[in-house]
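Q: One structure, pasted below without further comment.
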Amino acid sequence: MDILQAIILAIVEGLTEFLPVSSTAHMIFTSTAFETQGDSFVKMFQVSIQFGAILAVLVLYWKKFVNFKNLNFYIKLACAVLPALVLGKLFDDKIEAVLEKPIPIAIVLVIGGIVLLFIDKLFKNPSIETEESVTIRKAVTIGFWQCLAMMPGTSRSAASIIGGMQQGLTRKLAAEFSFFLAVPTMLAVTCYSLFLKDWDFKGQEMHGYEMISSSTNNMLIFILGNIIAFVVAIVAIRFFISLIEKFGFRIWGWYRIVVGVILILLFTI
């Protein structure tokens, strides 16, 4: 992977991580177009640049995350992230196997798009408008909804937002709680890929940080990727919140359907 490809992947990550369109699917299709998808460093890079996106949430909602008097907020996030951590560890190998198959991912994109077309009508009367009103039980339920995103193409953001709306959260709060929940979830996945997971890199088993430090180019790509993902994610989050307040989720549903159908045709013809 060269620097230009890394920049494009980072832009894709920043744009799509918090939108209900599946950042994983978009990066897989992008790296497939680059013919780099099978490379272990590329796979690790796709996960590790989520760190930049995490920082975007922390910067935009820093008052929420540095309010140490509100311990209930941290407890809710810790409880909500547990289902994804446990199930993610159990099914890590199966999930990685699916990442090599673009057609199933494109099909999931379409199915998820159809769901988003009707989501606003399904949950018409939200009753929870503030994070403080979200109970631990509701947070854990949203955490289980988030686990649906283990199937690439589903979208972690879409799954957790739908879970939030199903639990009575407003569209805006469901989106924001999805952002909050992304921080511990993505931080755990990033740390796992960097420090715990064994990658097959040029015939040797290495941890992610070892691949990064193995060359100046890899280190530059990693740093640059996270910076770009951070900047782009800030813009995407602000853009997304304003759009869902005005138009709801139908626009994202149609986007997923169109992109999914195009990709199915490209990979089958």
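The values are calculated or read from the model by the stated rules, or taken from the named source; none is laboratory data. Remember, predicted model here, so these are calculated numbers, not experimental data. Methodologically, a virtual Cβ is constructed for each residue, glycine included, from the backbone with ideal geometry; neighbour enumeration extends over all protein chains shown.
Q: On the basis of being closer than 23 Å to K202 by Cα, in contact (Cβ under 8 Å) with a residue 60 or more places away in the chain and among the β-branched types (V, I, T), does I107 make the cut?
A: No, not satisfied.
Q: What's the number of the condition L117 fails, among (1) surrounded by 14 or more Cβ atoms within 10 Å (Cβ to Cβ); (2) under 30 Å from I221 (Cα atoms)?
A: So L117 meets the others, but not (2).
Q: Another question, then. For segment 112-129, enumerate the residues that are more than 26 Å from L85 (Cα to Cα) and β-branched (V, I, T).
A: If the condition is that a residue be more than 26 Å from L85 (Cα to Cα) and β-branched (V, I, T), then I114, I119, I128 are the ones that fit.
Q: Also, quick follow-up: Just wondering, is there one or more residues in segment 134-155 that are basic (K, R), closer than 15 Å to A80 by Cα and free of Cβ contacts under 8 Å to residues at least 12 places away in the same chain? Let's see the steps before the verdict.
A: So in segment 134-155, the residues basic (K, R) come out as 137-138.
Subsequent filtering for residues that are closer than 15 Å to A80 by Cα retains 137-138.
Checking the rest, the ones that are also free of Cβ contacts under 8 Å to residues at least 12 places away in the same chain come to 137.
Looking for residues that are basic (K, R), closer than 15 Å to A80 by Cα and free of Cβ contacts under 8 Å to residues at least 12 places away in the same chain, one finds at least one in segment 134-155, hence yes.
Q: A further question follows. Give me the pairs: first residue in segment 50-68 and more than 24 Å from M27 (Cα to Cα), second residue modelled with pLDDT under 95 and outside any helix (DSSP H, G or I), beta-carbon distance under 9 Å, and six or more apart or on different chains, which are they?
A: K64/N70
Q: Then there's this: Is segment 256-263 home to any residue that is of a type in the set (A, V, I, L, M, F, W, C), more than 30 Å from L77 (Cα to Cα) and in contact with a His (Cβ under 9 Å, 6 or more places away or on another chain)?
A: Checking segment 256-263: at least one residue is of a type in the set (A, V, I, L, M, F, W, C), more than 30 Å from L77 (Cα to Cα) and in contact with a His (Cβ under 9 Å, 6 or more places away or on another chain).
Q: Follow-up. Report every pair of residues separated by at least 6 positions or lying on different chains whose Cβ atoms are under 7 Å apart, first residue within segment 1-27 and without any contact (Cβ under 8 Å) to a residue 40 or more places away in the chain, second crowded, with 23+ Cβ neighbours inside 10 Å and not in a helix (DSSP H, G or I).
A: That search, which allows pairs on different chains as well, returns nothing.
Q: Could you list, in sequence order, the residues of segment 51-96 that are more than 12 Å from C147 (Cβ to Cβ), surrounded by 12 or more Cβ atoms within 10 Å (Cβ to Cβ) and modelled with pLDDT under 85?
A: D92, E96 - these are the residues of segment 51-96 that are more than 12 Å from C147 (Cβ to Cβ), surrounded by 12 or more Cβ atoms within 10 Å (Cβ to Cβ) and modelled with pLDDT under 85.
Q: Do the conditions hold for V21, that is, is it of a type outside the set (D, E) and either in contact with a Pro (Cβ under 7 Å, 6 or more places away or on another chain) or in a loop (DSSP other than H, G, I, E, B) (or both)?
A: Working: of a type outside the set (D, E): yes; either in contact with a Pro (Cβ under 7 Å, 6 or more places away or on another chain) or in a loop (DSSP other than H, G, I, E, B) (or both): yes.
In short, yes.
Q: Okay, next question. In segment 225-269, what residues are under 18 Å from the mean Cα position of the chain (by Cα) and among the polar types (S, T, N, Q)?
A: N226, the sole residue that qualifies.
Q: So which pairs qualify, if the first residue must be in segment 114-130 and touching a residue at least 40 places away in the same chain (Cβ under 8 Å), the second must be part of a helix (DSSP H, G or I) and of a type in the set (F, W, Y), the Cβ gap must be under 8 Å, and the two must be at least 6 apart or on different chains?
A: That search, which allows pairs on different chains as well, returns L116/W252; L117/W254.
Q: Can I ask one more? Residues that are surrounded by fewer than 20 Cβ atoms within 10 Å (Cβ to Cβ) and either charged (D, E, K, R) or at pLDDT 90 or above (or both): which helices (runs of 4 or more DSSP H) entirely in segment 147-232 hold 2 or more of them?
A: Output list reads 171-191, 208-213.
Q: Out of G143, G113, I need the residue that is in a helix (DSSP H, G or I) and under 22 Å from C191 (Cβ atoms). Which one?
A: Of the residues listed, the single one that is in a helix (DSSP H, G or I) and under 22 Å from C191 (Cβ atoms) is G143.
Q: State the number of residues belonging to segment 233-269 that are crowded, with 17+ Cβ neighbours inside 10 Å and of a type in the set (D, E, K, R).
A: 1
Q: Across segment 27-68, which residue is nearest to A175 (Cα to Cα) among those that are charged (D, E, K, R) and in a helix (DSSP H, G or I)? If you could, list the steps in order and put the result at the bottom.
A: The first filter runs over segment 27-68 and keeps only residues charged (D, E, K, R), leaving 35, 39, 43, 63-64.
From what is left, the residues that are in a helix (DSSP H, G or I) are 43, 63-64.
Numbers: K43: 27, K63: 17, K64: 15 Å.
The selected residue is K64.
Q: Run K121 past the list (1) under 24 Å from A233 (Cβ atoms); (2) part of a helix (DSSP H, G or I) and report the number of the one that doesn't hold.
A: Condition (1) is where K121 drops out.
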